[in-house]
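The values are calculated or read from the model by the stated rules, or taken from the named source; none is laboratory data. Every value quoted in this text rests on a predicted model; they were computed, and no experiment measured them. Ideal geometry is used to build each Cβ from the backbone, glycine not excepted, and the neighbour counts take in all protein chains shown. Side chains are part of the model used for accessible areas, which takes the heavy atoms of the whole protein and leaves out ligands, DNA and RNA. Shrake-Rupley method; radii C 1.70, N 1.55, O 1.52, S 1.80 Å.
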Amino acid sequence: MPPPVFRFAPSPNGYLHLGHAYSALLNFDLAQQGGGSFLLRIEDIDATRCRPEYEAAIYEDLAWLGIAWEMPVRRQSEHFAAYREAIDRLSALSLIYPSFESRAEIARLVEAREKASPWPRDPDGAPLYPGTAKSLLPAERERRLASDAPFALRLDMEAAIARAGHLTWNELGAGPSGETGIVAARPDAWGDVILARKETPTSYHLSVVIDDALQGVTQVVRGEDLFWSTSVHRLLQQLLRIPQPAYRHHHLIRDDTGRKLSKSTLATGLRELRAAGATPAKIRQLVGLP
């Protein structure tokens with residue numbers, strides 16, 4: 001078997017914290033133990049929040065931890081053409097449609113529907129898309145596109161599942177409720193997910209599966225908060241006929257109140273801990289690694 005390929009893929013929209021350190025170190029350790037490769041990917045598709053100083057800090061923090069990565073680093077903002085190609089392939093299968101509602105309009109639609117009964121939400125707690133853009137007549141759809149109005153490109157989930165069939169993945173770690181082993185994918189739980197927007201030709205779901213395939217990633221090791229996102233990723237892999245990596249989801253490092261760490265939590269920021277005298281060995285101890 002070829003050597004395994006692991007990756008760590010942070011977004012440069014803030015400074016790294018202990019949770020990032022745990023995931024990066026775990027991936028790096030597993031790559032070394034398995035005689036494999038460790039890749040670094042910068043997920044910078046959000047031009048409004050990603051900043052060069054945060055990206056520079058990622059390199060600095062990881063190097064301080066003793067982590068080395070293969071070059072070159074893949075930056076998603078440099079590969080929009082690959083994501084457009086994937087969108088075109090899905091469009092050719094009649095699995096993509098544009099929606100034109102703003103976030104505020106969607107919120108009002110959900111509020112109106114919830115007056116009758118609870119509206120379904122995805123695993124992250126966001127309401128499923130309640131609009132009717134999928135049923136727009138072709139002429140009206142073209143008119144709106146030609147008007148230069150903002151839009152999102154959504155996956156027709158019902159049609160996509162009908163084409164892909166039943167999907168599973170082999171979970172080598174564990175999900176939020178201890179799910180492990182062969183797990184049935186539930187992409188329908190996400191509704192008609194956004195795969196791109198007018199101003200950004202990709203989304204997290206689309207770019208992560210394309211990048212993993214193009215980089216030859218064989219082992220996806222990430223936090224359990226992304227466990228059910230794997231359902232969407234397995235669906236896209238099947239539709240696009242790209243390889244399925246092995247998945248291993250790990251527990252999250254949480255604060256004293258039990259909440260997931262955020263990049264605004266200075267008490268667990270690597271830069272703050274380093275300034276306070278912490279060593280790389282201390283960071284490993286804090287996240288529970290030998």
When Rg is the radius of gyration of the Cα atoms in region 68-155 and Rh is its Kirkwood radius, what does Rg/Rh come to? 1.09
As an exercise, take the mean of 1/r over every pair of distinct alpha carbons in region 30-79, invert it, and state the Kirkwood radius in angstroms. 12.2 Å
State, as an integer percentage, the relative contact order of the chain based on alpha-carbon contacts under 8 Å between residues 6 or more apart. 24 percent
Quick one: order Thr202, Thr132 from most to least accessible surface, probe 1.4 Å. Thr132, Thr202
Would you calculate, for the chain, the mean residue ellipticity at 222 nm contributed by helices, counting each DSSP H stretch of 4 or more residues as -39,500 (n - 2.57) and dividing by all residues, to the nearest 500? -11000 deg cm²/dmol
Using alpha carbon positions and the Kirkwood radius, the Rg to Rh ratio of region 17-164 is 1.07
Taking r as the C-beta separation of Asp124 and Glu199 and R0 as 25 Å, the FRET efficiency to the nearest 0.05 is 0.65
Checked region 114-192 with the C-alpha gyration tensor, a ≥ b ≥ c its square-rooted eigenvalues, rounded below a/c of 1.5, otherwise prolate if a/b is larger than b/c and oblate if not; verdict prolate
Taking a probe of 1.4 angstrom, what is the accessible area of Thr200 in Å², to the nearest 10? 30 Å²
Go through 208-216, 136-144 and give me the packing order, highest mean Cβ count within 10 Å leading. 208-216, 136-144
Per its Cα gyration tensor (rounded if a/c is under 1.5, else prolate when a/b beats b/c, else oblate), region 131-253 is best filed as prolate
Over region 1-129, what is the mean sequence separation of C-alpha contacts under 8 Å (at least six apart), divided by residue count, expressed as relative contact order in percent? 22 percent
Order the following by accessible area, largest value first: Lys115, Lys263, Lys282. Probe radius 1.4 Å; ligands, DNA and RNA are ignored. Lys115, Lys282, Lys263
Principal axis box of the chain, alpha-carbon based, largest edge first, Å: 62, 43, 37
The chain - accessible surface per residue (Å², probe 1.4 Å): 49 Å²
In the chain, what percent of the accessible surface is made up of carbon and sulfur (1.4 Å probe, ligands and nucleic acids excluded)? 54 percent
Cut-off under 5 Å, modelled amide H: who pairs with Ile96 long-range: Asp156
Which far-off residues, 5 or more places away or on another chain, put their amide H under 5 Å from the one on Ala246, with H placed in the peptide plane? Gln219, Val220
The ³J(HN,Hα) series, computed from each phi in region 202-214 with the Karplus coefficients 6.51, -1.76 and 1.60 at θ = phi - 60°, rounded to the nearest Hz and given as x for glycine or proline, is 6, 9, 4, 4, 6, 5, 5, 6, 5, 4, 4, 5, 5
Averaging sequence separations of C-alpha pairs under 8 Å and six or more residues apart, then dividing by the length of region 112-238, give the relative contact order as a whole percent. 27 percent
Total charge of the residues flanking Gln244 in space, meaning their Cβ is under 11 Å from its Cβ, with Lys and Arg +1 and Asp and Glu -1, is +1
Can you pull the accessible area of Trp119 for me, 1.4 Å probe, Å² to the nearest 10? 70 Å²
How do Ile96, Ile161 rank by accessible surface area computed with a 1.4 Å probe, from largest to smallest? Ile161, Ile96
